[in-house]
Amino acid sequence: MYRDMKQIYAMETEHGICKIGYRNDWVFAAKKEEGVYWLRGLDACQCLRAGKNVQHQNGPAFLCVSAEAGKKKTFHVAFSVYAKEGSNGSCRTEYYYNRYFRNAEQAAEYILDHKEEIFSRSRRVEEEIRNRYEDPLRLQLFCQSVRAYYASTQLLREESGYVHYNVCEGAYLWRNTMDLCADHLVWELKRNPWVVRSIMDEFIKSYSYYDRVRFPGREGLYEGGISFTHDMGCYFTYADRGNSGYERENESVKGFYFYMTTEELLNGIYCIAGYVLKTRDMEWLKKHRQILKDIMTSLENRDDCVKEKRNGILKAVSSRSGLCMLESTTYDALDHSLLEASGNLYVFVKTWCALILLKRCLGLLGEKETEERAETMLQKCRQSVRLFRREDTAVLKANIYQDIPGAVIAAAEAMAVPNFLHVLSETEEKELFEVMRLHTRACLQPGICIDEKSGGLRLSSTSKNTWPSKGILTIYVMEEVLGVDVPKEVVENVFTWAQIRAKNTTIADQIMSDTGEVVGGVYYPRIVTSALWIEMR
């Protein structure tokens, strides 16, 4: 029942459609078939119980169907919502469906006219998915996460006809957050690879930038290079070109909304390489030849401005970050073990994997000199992994530049996408596989990265704030890439947190590991990482 009953309308159209709606925002509609009718009035509830058909333009309204006592009857109701403007700010668009429907009623009528085809396609997809995976918990979470993902999307169109695809970051509503784009690859590259191309075209054209960098403990500014913004804006607004809605200069490390320049560079590599390696779209890759070369230079510059001092560990901080001299990672909401990008284990593993992806693309382009530079940096990663080792445990250091006691099992999740793309070889990267297998096994203990109270997975031993979407990636890497046995309770908790605990917000991606309390990430699309359980089968 709509809260202000006087604002809605109810009627029957000349085309035989019974409908209840609010302005042009939404409508419920049903075809006027045998026994189907609409009822409205201040005493509508009493009339409904008495079997009276009252139609008055005030009070609650119902779409009804009459049935004989003791018999069942089915009728179909279409619900459609409608909005004209899709975005404003630096880019004004309309929703793409405006090409086909002028209002919510037309959309509802289309649904009713094509309901059999819609049902048929839905059954076909459901059967396909059920045949791929038998685990009911993982299957349920996957189905719910796909709904969460699409509920956060927009297909938009400029007046010129140019099409934009947008994924909002759940209730946070950042537009096309680059951190999420990289994690959504496991879904998009199987289902809609053109989406990855579209988003990266827009990042390259409008939301990339070249910066200068600083190095901890060193005076002066040095050449940085290309990177990408955290997002393209927020809510219905596109940000100014070259800027995000999220990132800002900070004077102190106690601030928030830090720049994520280093990690977004790595995420950009994941997205560009992911699209090319999955589709073999060489024409698109050749168009962005210079971008890949610039990316390689940017990686080197963020390692060290002096060639001889480079060790494969990204440590520079963008001058955009301000006086705080800190870049954060996508895990900025957790704690110190994953917050700072410079010298971070998670960023190191992701750099290693990004270089594998970048090298593969440079090879396809025949860029021998740049490909050799990528291999040189890879060799430095293979040698520098020893810097993260501890003497007394297989748990790797969370950050080599800070004395942080935390165990970061989330470092493994960076291996998910390269494995999904079939470019991660244990033969070639035995050092990476060896240390991550030992590291994750050591982390996967109660009181470290298994919560002692719930048995659920902590991404960092020092933070109770855990994210189901990243947990799924980490579990996938342990099970399918590293061959580590994951306790059943760990997977069951991911399901419980994301679905049952988050029942009031449809789905959630920030949960307290001990209590199951939802603390953020509601309506979040990134849990579509669960596609790994289905799409890799």
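The values are calculated or read from the model by the stated rules, or taken from the named source; none is laboratory data. None of the values given here were measured: they were computed from a predicted structure. Quick reminder, even Gly has a Cβ in these numbers, built from the backbone with ideal geometry, and neighbours come from all protein chains shown.
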> If you check Val481, Val490, which single one turns out to be surrounded by 19 or more Cβ atoms within 10 Å (Cβ to Cβ) and more than 30 Å from Leu358 (Cβ to Cβ)?
Replying inline: Val490
>> Going residue by residue through region 69-81, is there one that turns out to be in contact with a helix residue (DSSP H, G or I) (Cβ under 7 Å, 6 or more places away or on another chain), polar (S, T, N, Q) and within 30 Å of Arg175 (Cβ to Cβ)?
In response: yes
> When you go through Gly274, Gly245 one by one, which is the residue that is touching an Asp or Glu at 6+ places or on another chain (Cβ under 9 Å), over 28 Å from Leu345 (Cβ atoms) and assigned by TED's automatic domain parsing to the domain that holds Leu334?
Replying inline: Gly245
>> Looking at Glu426 and the list (1) in a helix (DSSP H, G or I); (2) more than 21 Å from Pro487 (Cβ to Cβ); (3) among the acidic types (Asp, Glu), which single condition is not satisfied?
In response: (1)
> Say we look at region 394-423 and pick out the residues that are assigned to a helix (DSSP H, G or I) and in contact with a His (Cβ under 9 Å, 6 or more places away or on another chain); which of these is surrounded by the most Cβ atoms within 10 Å (Cβ to Cβ)?
Replying inline: Ile409
> Is it true that Gly471 is at pLDDT 95 or above, among the small types (Gly, Ala, Ser) and surrounded by fewer than 16 Cβ atoms within 10 Å (Cβ to Cβ)?
Replying inline: no
> Restricted to region 348-375, and to residues that are more than 27 Å from the chain's Cα centre (by Cα) and of a type in the set (A, V, I, L, M, F, W, C), which residue is surrounded by the most Cβ atoms within 10 Å (Cβ to Cβ)?
Replying inline: Ala374
> When only residues in region 56-68 that are among the aliphatic types (A, V, I, L, M) and either in a loop (DSSP other than H, G, I, E, B) or more than 41 Å from the chain's Cα centre (by Cα) (or both) count, which is nearest to Lys115 (Cα to Cα)?
Replying inline: Val65
> Of Ile400, Ile450, which residue is assigned by TED's automatic domain parsing to the domain that holds Phe142, farther than 28 Å from Val317 by Cβ and hydrophobic (A, V, I, L, M, F, W, C)?
Replying inline: Ile450
> Just wondering, is there one or more residues in region 69-85 that are loosely packed, with under 14 Cβ neighbours inside 10 Å, assigned to a strand (DSSP E or B) and touching a Ser or Thr at 6+ places or on another chain (Cβ under 8 Å)?
Replying inline: yes
>> With the requirement that a residue be free of Cβ contacts under 8 Å to residues at least 60 places away in the same chain and of a type in the set (Val, Ile, Thr), what does region 406-456 give you?
In response: Thr427, Val435, Thr440, Ile448, Ile450
